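Asker: Pasting a structure here, questions to come.
The values are calculated or read from the model by the stated rules, or taken from the named source; none is laboratory data. None of the values given here were measured: they were computed from a predicted structure. Cβ placement follows ideal geometry from the backbone for every residue including glycine, while neighbour counts extend to all protein chains displayed. Ligands, DNA and RNA are stripped out before the accessible areas are found, and what is left, the full protein with its side chains, is counted by its heavy atoms. Shrake-Rupley method; radii C 1.70, N 1.55, O 1.52, S 1.80 Å.
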Amino acid sequence: MSRLWYAKKGRKHQPVNHKYALVVSVAEYHRRIDALNSEELRTLCRRLQITTREDINSKQATNIKTDLEPEAFRPNLSDPSELLQPEQIEKLTKSLPPRTIGYPWTLVYSTAKHGMSLKTLYRTMLGLDTPVLLVIKDSDGQVFGALASEPFKVSDGFYGTGETFMFTFSPDFEVFKWTGDNMFFIKGDMDSLAFGGGGGEFALWLDGDLYHGRSHSCKTFGNHTLSKREDFIIQDIEIWAFE
C-alpha cells in the first residue's frame, strides 16, 4: 500500500511503494552475492547450456597446457645426442635459464668426436657467449652433469653466476640450484674442472684426462652425490651451447 508523507516545511514528496522494498543486513547481502558463485548456479548454467567465464578460462588453460606439452620442450639439436633420451632433454629444457629458451642446442664438444682431453674441451669453448650444458655418462651407465652460466675456461679462481646448477638422472631426475651459501660455481685449470665447493668438497670434479671424476655433496648447490658412487670413471661427455 502506498501513502504520501510530508517534510516539516510541508513539501510534498513522491509516494514510496513498499511492496517490493526489502531491508537486509550487510552480512546477509554478502551471503546472497556469494551464492551467485554456488555449485547450484554452475549446474543450472550447464543444464541451460550457458557457458560461464570460468568454463572459458578453464578450457583456455587446458588448451595452452596441451599446446606446451611436450612439443614446446623439444629443442632442435644440431646433432643427435648419444647420452640423452628425448624425455631427458625435455626435463632439462624445463630447468634451463630463460635466456636459453628458443635457441637450438649446438653440440660444441663430445669425447666421441674430440677425444678425452680437457685442453681440447677449453679450446672448443673459445668464442662462445652462451651458457653451456655439460652431460656426463659414467661407466655405471649413470647420466648427470651441470649447466654452467658461461663457457668453461682456465681461471685463477671461481667464476660463474647463480644460473649454474647441477643435475642427475641417477636414479631419478633431480636439479640442484644455487643455495646462496657461497659463490663457488665453476673453477678450471689445465689439470681439472670443478663445480661447487664448501667444506672441502666439490659437487663435481673432473681430471685433466677426462677419465676420472668425483662427486660429493656441497654447500653451493645443496646436492647429494650425482653419480652412483663418489668416485667414477667417465665413459662419455657432451657439451651443448645455446645459439
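Asker: Arranged from highest to lowest average of other beta-carbon atoms within 10 Å per residue, in what order do the peptides 224-236, 206-218 appear?
Answerer: The packing order, highest mean first, is 206-218, 224-236.
Asker: Which of the peptides 169-182, 137-150 is most tightly packed, and how do the rest follow, judged by the mean count of other Cβ atoms within 10 Å per residue?
Answerer: On the way: 169-182: 15.4, 137-150: 19.9.
The densest-packed peptide leads the list: 137-150, 169-182.
Asker: Suppose the chain between Gln85 and Asp231 were pulled fully straight at 0.36 nm per residue; how much longer would it get relative to their current alpha carbon spacing? Show your work: numbers first, answer last.
Answerer: Values: separation 146, 0.36 × 146 = 52.56 nm, distance 2.44 nm.
Fully extending the segment from Gln85 to Asp231 adds 50.1 nm.
Asker: Tell me, what ³J(HN,Hα) does each residue in region 191-207 have, in order and in whole Hz, if you take phi through Karplus 6.51 cos²θ - 1.76 cosθ + 1.60 with θ = phi - 60° and put x for Gly and Pro?
Answerer: Karplus values, whole Hz, x for Gly and Pro: 9, 6, 10, 9, 10, x, x, x, x, x, 10, 9, 5, 8, 9, 10, 7.
Asker: Within 12 Å, Cβ to Cβ, of Asp231, how many net charges do the neighbouring residues add up to if Lys/Arg are +1 and Asp/Glu are -1?
Answerer: Neighbour charge sum, excluding Asp231 itself: -1.
Asker: Could I ask something else about it? What is the packing order of peptides 113-120, 75-82, 191-198, taking the mean over residues of other C-beta atoms within 10 Å and listing the highest first?
Answerer: Listed from highest to lowest mean packing, they are 191-198, 113-120, 75-82.
Asker: Another question about this same structure. Within region 77-217, what whole-number % of the accessible surface is contributed by carbon and sulfur, with the 1.4 Å probe and all protein chains included in the calculation?
Answerer: Values: 3200 of 6350 Å².
The value for region 77-217 is 50 percent carbon and sulfur by accessible area.
Asker: Under a 5 Å amide H to amide H cut-off, with H placed in plane at 1.01 Å, what residues pair with Met183 once short-range neighbours are removed?
Answerer: none
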